Amino acid sequence: MSGAALAYFWGDDSYALDAAVEAFRNDAERFHAGAPERWRVRAEVGDAGRTLGEVGARLATGTMFGAGTLAILSNAGQLVRKGTDRAALLAAIGLIADGNGFVVSEETDSGKKEPPAKSLADAIRAAGGPVRRFEAPREGALAAWIEARARERSIALGPGAAKELATRVGGFVREGDVDRRNQGRLAVMELEKLELHRDADSAAVTVEDVRALVPEAVPGSIWAFVDAVGTRQRSRALELLERLFDETPEPVLLAVLHRRLRELIEVADRLASGESPGSLVRSMKLQPFRAEMLARQAHAWTVRELADALEGLLELDARVKGVGGVTAGDGQIKLAFDLWVTDRVASSS
């Protein structure tokens, strides 16, 4: 083989990761006998020995006829935590039989700059294999990405259609804690659905087509939610809360809300005592941007309103935890959160 049959791909774009694995698998310079068969394996906690044995056996065993095997490993960090396991894995990828290959494909949180298993990535890079990060596009970049995927599939998009689709899958949400891993995959699925349902007499998919056929799948953001609470944007807070319920445990929501209310109470008290927003940087050990943001939010409340909101949050916490033997179903808990936002977040002025 003229190219190393090794690669390390990671990032928050699952569509791009799958595409990179497929491009690697179909690289004739690396696999002369044809694209190897995919074999996916995930390393699990406490099962490193078995996984290493299977990976080593698969990679070292060549085939007499036809294509070989491409081992696609995820959660690779479990195999490099211990020095002995790491040495065994590096030995295994150093004995890859002709026709076989090895790829690490890791879905990570947005913003992660370094590969999860850096020592393994360094070894693959040193052996001549590609090591690449795939970051999910957002905003205008996602709209351009959608246009490119549409051209690949010969799907004509009218003016504004790509931007509308990007908006409806959450590409214009800016908060850093948003899970973007499936946005690309979802956008492509919706593109193909639009092509199937497009009017045969229409030359291109229009903005109206996108609005009619693509449901909103905007991801939730905990930090956007607590900021909406802090600025007393009740409608916005309820909208964001609805998105968060399916993917965020109630105790997590309670924890971040409790922390923000306690911060706002302290900030309001300090400002009432004569401190300036700038002095909060030193007295509360805050970043300047965060100090300014908390001071702005604290001005939207009275101390009594913040105390009432915190008291209501404690009651909500007791309901979620079943304190006193009172249990509540998912629907009742969701209603209780909605009522807390409705009653406590709306400005009294």
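Testing residue 324 on (1) in a helix (DSSP H, G or I); (2) more than 21 Å from residue 227 (Cα to Cα); (3) open to solvent by 40 Å² or more (accessible area, probe 1.4 Å); (4) modelled with pLDDT of 85 or more, one condition comes back false. Which one is that? Condition not satisfied by residue 324: (4).
Here are the criteria: (1) of a type outside the set (Ser, Thr, Tyr); (2) farther than 15 Å from residue 316 by Cβ; (3) without any contact (Cβ under 8 Å) to a residue 24 or more places away in the chain. Tell me which single one residue 271 does not satisfy. With respect to (1) of a type outside the set (Ser, Thr, Tyr); (2) farther than 15 Å from residue 316 by Cβ; (3) without any contact (Cβ under 8 Å) to a residue 24 or more places away in the chain, residue 271 is out only on (3). For beta carbons closer than 7 Å, sequence separation of 6+ or different chains, a first residue in the range 100-128 that is in contact (Cβ under 8 Å) with a residue 24 or more places away in the chain and a second that is open to solvent by 30 Å² or more (accessible area, probe 1.4 Å) and part of a loop (DSSP other than H, G, I, E, B), the qualifying pairs are 100/62; 101/30; 102/96; 106/116; 107/181; 108/116; 110/176; 111/176.
When residues in the range 61-91 are screened for being outside any strand (DSSP E or B), of a type in the set (A, V, I, L, M) and in contact with a helix residue (DSSP H, G or I) (Cβ under 7 Å, 6 or more places away or on another chain), 6 of them pass. Taking first residues from the range 294-308 that are over 13 Å from residue 227 (Cα atoms) and in a loop (DSSP other than H, G, I, E, B) and partners that are open to solvent by 50 Å² or more (accessible area, probe 1.4 Å) and at pLDDT below 95, no Cβ contact under 6 Å between residues at least 6 apart in sequence or on separate chains turns up. Condition check for residue 43 on (1) over 23 Å from residue 152 (Cβ atoms); (2) in contact (Cβ under 8 Å) with a residue 40 or more places away in the chain; (3) among the aliphatic types (A, V, I, L, M); (4) buried (at least 18 other Cβ atoms within 10 Å of the Cβ): one failure, at (2). Annotation note: Cβ proximity below 6 Å between a residue of the range 14-28 that is over 15 Å from residue 102 (Cα atoms) and a residue that is of a type in the set (Phe, Trp, Tyr) (sequence gap 6+ or interchain) occurs for 16/134. Listed by first and then second residue, the pairs linking a residue in the range 137-165 that is at positive phi to a residue that is surrounded by fewer than 18 Cβ atoms within 10 Å (Cβ to Cβ) and in a loop (DSSP other than H, G, I, E, B), with Cβ atoms under 7 Å apart and 6 or more places separating them unless they lie on different chains, are 139/172. Number of residues in the range 115-147 that are more than 21 Å from residue 24 (Cα to Cα) and part of a loop (DSSP other than H, G, I, E, B): the value is 2.
Filtered by the rule that a residue be out of contact with any Gly (no Cβ under 8 Å at 6 or more places or on another chain) and closer than 13 Å to residue 130 by Cα, the range 15-33 gives 20, 21, 23.
Answer with yes or no whether residue 131 is crowded, with 23+ Cβ neighbours inside 10 Å, more than 12 Å from the chain's Cα centre (by Cα) and of a type in the set (A, V, I, L, M, F, W, C). Quick ask: steps written out before the conclusion?
Numbers: crowded, with 23+ Cβ neighbours inside 10 Å: no; more than 12 Å from the chain's Cα centre (by Cα): yes; of a type in the set (A, V, I, L, M, F, W, C): yes.
So residue 131 fails the test.
Residue count for the range 173-217, restricted to those that are modelled with pLDDT under 80, within 20 Å of residue 152 (Cα to Cα) and either among the aromatic types (Phe, Trp, Tyr) or in contact with a strand residue (DSSP E or B) (Cβ under 6 Å, 6 or more places away or on another chain) (or both): 1.
Just to be sure, is residue 291 modelled with pLDDT of 85 or more, out of contact with any Pro (no Cβ under 7 Å at 6 or more places or on another chain), in a helix (DSSP H, G or I) and open to solvent by less than 70 Å² (accessible area, probe 1.4 Å)? I'd like the intermediate steps shown before the answer.
Numbers: modelled with pLDDT of 85 or more: yes; out of contact with any Pro (no Cβ under 7 Å at 6 or more places or on another chain): no; in a helix (DSSP H, G or I): yes; open to solvent by less than 70 Å² (accessible area, probe 1.4 Å): yes.
No, not satisfied.
Checking each residue in the range 148-159 for being of a type outside the set (Lys, Arg) and not in a helix (DSSP H, G or I) picks out 154, 155, 156, 157, 158, 159.
The values are calculated or read from the model by the stated rules, or taken from the named source; none is laboratory data. No experiment lies behind these values; they were computed from the predicted model shown. Note: ideal-geometry Cβ built from the backbone for every residue, glycine included; neighbour counts use all protein chains shown. Keep in mind that these areas ignore ligands, DNA and RNA; they rest on the heavy atoms of the full protein, side chains included. Shrake-Rupley method; radii C 1.70, N 1.55, O 1.52, S 1.80 Å.
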